[in-house]
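Read the structure below first, then the notes.
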Amino acid sequence: MSRRAGAGAHRVSTAHLQAAYPFVSEGGLGGRGVYIGRELLGGAFCYDPWDLYAQGTLTNPNMLVAGQVGRGKSSFIKTYLWRQQVFGRHAWIIDPKGEYGPLAAACGVEPVRLGPGLPVRLNPLDTGAWSQALDDVEVTRRHLSLLNSLAAASLGRALTPDEQAACEAAIVTASARADGVLTLPAVVETLLWPDEAAAARIAADVDSLAASGRQVALELRRLCQGDLAGMFDGPTTPGLQLDGPLVVLDLSALYGSPALGLVMLCATAWLQASLVAHADRRLILVIDEAWAILRHLEIARWLQASWKLSRQYGVANVAVIHRLSDLRAAGAEGSEQAALAQGLLADSETRVIYGQSSSETAQARELLGLTDVEAEILPELGRGIALWRVGTRSFLAEHHIGSRERALVDTDARMS
Ligand SMILES: Nc1ncnc2c1ncn2[C@@H]1O[C@H](COP(=O)(O)OP(=O)(O)OP(=O)(O)O)[C@@H](O)[C@H]1O
Ligand SMILES: [Mg+2]
């Protein structure tokens, strides 16, 4: 069997990979979990993060999927989620390209489409589910962390201590006024027009507090206007169903927009906050095209923190990127970049690495701790074949798509 390794790459057969790299792949993870495909040196390759966690092979259930365009990352995710349905697992998906519709249809659900002029609104500051589980201090801390990331990513710089204090004051004041449902416009208004009590709490006067919060307020205001108006600027549209086997948030209306990263952050934050009320289930939370949020330093930090928090709810997070260097968010200094990448990798102990360009292999080797042989193999992997690093173990697996699953994955057909 041979595979086209993608534009510019050479053809590599699976037989060649087997012959050339016999020592890369171990004997599989056992038969438990969902079927992924064929382990190149052995039989069926199966995987289940919760099972491996329970066995002690993994210390976290999160997964990072990396690979060049068109290597089969999303196809793998779609069939993986479809096969996990058999085990009663649920999945929530951030879908920036709008390609999970066929999977949703197969699961009997409709994607939730977000975009300019569309009727659905998500409130990223929704606290509905949190209010039973968390105290006020923790809720404020989470709101602050989200606002901080949104504003910093939008401003392209970290917030100053004065700006952070202004945000915190605004959250506390707006929450007290809002009767439970905090919204972005309410925060913006309170930032622009703080009251005496908020100023007194941080030994400031009203004018200086307003001045401190002004730039942040104007940035956050942009999330409530123009293209993004109606998407995140008020209470969540009633009646959105999170109970079904699958929830797809289709953000394709904003794919290609400079605001995509912010939109993905708001949508992810809304899903994360909803986890509290769904802690009774095994849930996979996928962020496809996650490179779009990882390029913002503040959002990458938020994502890492939120992965840590979601562990207590038993969630298996999955992030899809193109190359390992996507983990090194723009804007960070060298050592901070490295720390962030290491942190995100440490929090995703399953790494599924599809074909990488030769220029990426050094980074991949360094970040993933690959052997020379494993790194060397990455540019040779054809479509559908990935190096799996599961904890400290390595496997070469070819993802199998069943004939009935074809309709779930065919993005080439849509392209033509
Ligand atoms: N294991 C496989 N075997 C055969 N064909 C595959 C396999 N995986 C993916 N394909 C085909 O390759 C095409 C591209 O796959 P997919 O959209 O999953 O790539 P991707 O890595 O997610 O790309 P992108 O980075 O653009 O999102 C799909 O149309 C799919 O049918
Ligand atoms: Mg994809």
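The values are calculated or read from the model by the stated rules, or taken from the named source; none is laboratory data. Here the structure is a predicted model, which means the values were calculated and not measured. Neighbour counts are summed over all protein chains in view; Cβ atoms, including those assigned to glycine, are modelled from backbone coordinates with ideal geometry.
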Legend entry - Which listed residue is at pLDDT 95 or above, closer than 30 Å to A330 by Cβ, within 16 Å of ligand 1 (Cβ to nearest atom) and surrounded by 18 or more Cβ atoms within 10 Å (Cβ to Cβ), from K73, K97: K73
Inset, instruction - Test V352 against the stated conditions and say whether it is modelled with pLDDT under 90 and either in contact with a Phe, Trp or Tyr (Cβ under 7 Å, 6 or more places away or on another chain) or not assigned by TED's automatic domain parsing to the domain that holds G67 (or both). - result: no
Inset, instruction - Considering every residue within the range 234-253, establish whether at least one is part of a loop (DSSP other than H, G, I, E, B) and at pLDDT 95 or above. - result: yes
Legend entry - Test for A204: is it buried (at least 19 other Cβ atoms within 10 Å of the Cβ) and of a type outside the set (V, I, T): yes
Legend entry - The listed residue being within 17 Å of A290 (Cα to Cα) and either away from ligand 1 (no atom under 16 Å from the Cβ) or of a type in the set (K, R) (or both), out of L150, L122: L150
Legend entry - Hits in the range 1-58 - residues which are modelled with pLDDT of 75 or more, among the charged types (D, E, K, R) and closer than 23 Å to R383 by Cβ: R38, E39
Inset, instruction - Could you tell me whether P116 is assigned to a loop (DSSP other than H, G, I, E, B) and either surrounded by fewer than 17 Cβ atoms within 10 Å (Cβ to Cβ) or in contact (Cβ under 8 Å) with a residue 60 or more places away in the chain (or both)? - result: yes
Inset, instruction - Please determine, by comparing only the residues of the range 247-283 that are among the β-branched types (V, I, T) and more than 16 Å from ligand 2 (Cβ to nearest atom), which one is surrounded by the fewest Cβ atoms within 10 Å (Cβ to Cβ). - result: V276
Legend entry - Qualifying residues in the range 48-70 (those that are buried (at least 24 other Cβ atoms within 10 Å of the Cβ) and within 16 Å of ligand 1 (Cβ to nearest atom)) - the one nearest to L246 (Cα to Cα): M63
Inset, instruction - Pick out the one residue from L246, L242, L228 that is under 16 Å from L265 (Cα atoms) and under 30 Å from the mean Cα position of the chain (by Cα). - result: L228
Legend entry - Identity of the residue in the range 152-199, part of a loop (DSSP other than H, G, I, E, B) and more than 30 Å from the chain's Cα centre (by Cα), that ends up surrounded by the fewest Cβ atoms within 10 Å (Cβ to Cβ): D179
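This table checks each residue for (1) within 16 Å of ligand 2 (Cβ to nearest atom); (2) closer than 29 Å to R83 by Cα; (3) not small (G, A, S).
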residue	(1), (2), (3)
Y313	no, yes, yes
I321	yes, yes, yes
D326	yes, yes, yes
A329	no, no, no
T350	no, yes, yes
Q356	yes, yes, yes
L367	no, no, yes
W388	no, yes, yes
R393	no, yes, yes
